[in-house]
Every structure is written in C-alpha cells, then in structure tokens.
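Below: the structure, in structure tokens.
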Amino acid sequence: MTPKAGAYLNSALDIMEANSLVAADVNWPKVRRGAVGRARGARTPAETYPAIRDALRELDDHHSTFRDPEEASAELNAPPEDLILPEGRLLPGAVGYLLLPPVPSDGVAAPYVRSARSTVRSLDGRGACGWVIDLRGNHGGDMWGPLAAVGAVLGDGTVGAAVYADGKKDPWVMERGTPRQYAAKWGPAEPLARPAPPWPS
C-alpha cells in the first residue's frame, strides 16, 4: 500500500474508532488488521474505499456509513426537484399527522421546512388536538430540517441530544421553534394556536 493510501485508510479507521456508537465493544486491532489486509496493494485513497466500507459493516452499529466524494457531493447538493416534501392530514379524532421524509442536507432544507411549517399551521388551524410525527421512512440525512419542521409542536428548550460513545452529550436546543444555530437561516416558527389542546372525549 502506498503511504498516501495508507494514511487515508488509517484516518478513516481513526475516525471510526473515535466516534462509533459501539466503540467500546469492537476489537479494533482485528478490524484494523482486516482493513489493512483487504486494502493491500492500494495505490490511491479510492482503492481503500471497499476496505473502509467492509470495516464499517463489521461494526454492525446500524448507523455508520461511508460516502465517497462523488456520492457525498451528489447527496448534499441534491437538486430541489428531487427533494421530497413533508405532507400531512387530519386523522379521525382531530389528530394532526405529519410525514417527515429524509432531507439530505441543511443546504437544501429551506423548502422542506417551509412546507412542513405550513402544513402544521394548517392542521393547527383546523383544531388538531394531538400530533403523530411519522419518521418511518426517514432513514437519515440532515436532522436539523426535520427538527425545525416540527419546532412548533415540540416547543422550545432542550428537545434531545446527541450522545457520544464516551457519554458526552450535545443538546439540541430549540428557540422560537427553530434549532438555535439555524435561527438566522430559517427564522422562527409560528407558534401553535393550540399548543396544549385537550384530547377530545
């Protein structure tokens, strides 16, 4: 393996070991030996990609994935016409239903956020007395757009957190219905007319 390819592979393995959700349960020397063996003879970083993907599969954490530069660029810069917008309806019993499909990046999330907020506002105006947020088809991508989409429903304050392998927590803080760090990008969400409506009898 050339030094350049080896440096790339080791950098990827270092990132995996430092950030994997299951880092404490992984035999890292074995994973590294396997990856180096599979990448033997690699001359460019690109020739180490299969070994990196195999190493990630070995983690079996159902979360980590690898995108090469072309894949990452295509996903992060998906054209607006490829964006699937949220949709909603009022279920029996006046329960608001909002489907949140995946969105690839915060860079293309503005129309997604606007669409979801408009739907929430409409259902709230029609008397929604509870909410179902459907994430079953949301396989990942950007999380901030979906959070901003339902900011009015969630309310302000800490609504969750990223928890790292070492136990450190990075809270997700909402202010005026928007993740704090995106206040200037997406603006505030319109508050619900019925933020805590009673369930119908």
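Listed values, structure above:
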quantity: P(r) tail fraction, the range 1-83 - alpha-carbon pairs more than 19 Å apart, %; calculated: 41 percent
quantity: Alpha carbon centroid spacing (whole Å) that separates the range 24-74 from the range 144-193; calculated: 32 Å
quantity: Probe 1.4 Å, accessible area per residue of the chain, Å²; calculated: 58 Å²
quantity: Nearest 10 degrees, 0 to 90: helix 49-59 Cα axis against the chain principal axis; calculated: 70 degrees
quantity: In nm, spacing of pseudo-spin labels at residue 30 and residue 18 (7 Å Cα→C-beta vector); calculated: 2.5 nm
quantity: Efficiency of FRET between residue 61 and residue 84 - r from beta-carbon atoms, R0 25 angstrom, step 0.05; calculated: 0.45
quantity: Listed peptides 23-34, 173-184, 128-139, 103-114 by packing density, highest first (mean Cβ within 10 Å); calculated: 103-114, 173-184, 128-139, 23-34
quantity: Derived scalar couplings ³J(HN,Hα) [the range 98-103; Karplus, 6.51 cos²θ - 1.76 cosθ + 1.60; whole Hz; x for Gly, Pro]; calculated: 10, 8, 10, x, x, 10
quantity: FRET E, pair residue 132, residue 162, Förster distance 25 Å, beta-carbon r, rounded to 0.05; calculated: 0.55
quantity: Using θ = phi - 60° and Karplus 6.51 cos²θ - 1.76 cosθ + 1.60, couplings along the range 32-44 (whole Hz; Gly, Pro as x); calculated: 5, 4, x, 5, 5, x, 5, 9, 4, x, 5, 10, 10
quantity: For the range 104-201, diffusion coefficient by Stokes-Einstein and Kirkwood Rh (Cα), 25 °C, 0.890 mPa s, µm²/s; calculated: 171 µm²/s
quantity: Count of Lys pairs (Cα-Cα under 30 Å; at least 8 positions apart or interchain) in the chain; calculated: 5
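The values are calculated or read from the model by the stated rules, or taken from the named source; none is laboratory data. As the structure is a prediction and not an experimental result, all values here were calculated from the model. Note that each Cβ is placed from the backbone with ideal geometry, even for glycine, and that neighbours are counted across all protein chains shown. Calculation scope for accessible area: heavy atoms of the full protein, side chains included, ligands and nucleic acids excluded. Shrake-Rupley method; radii C 1.70, N 1.55, O 1.52, S 1.80 Å.
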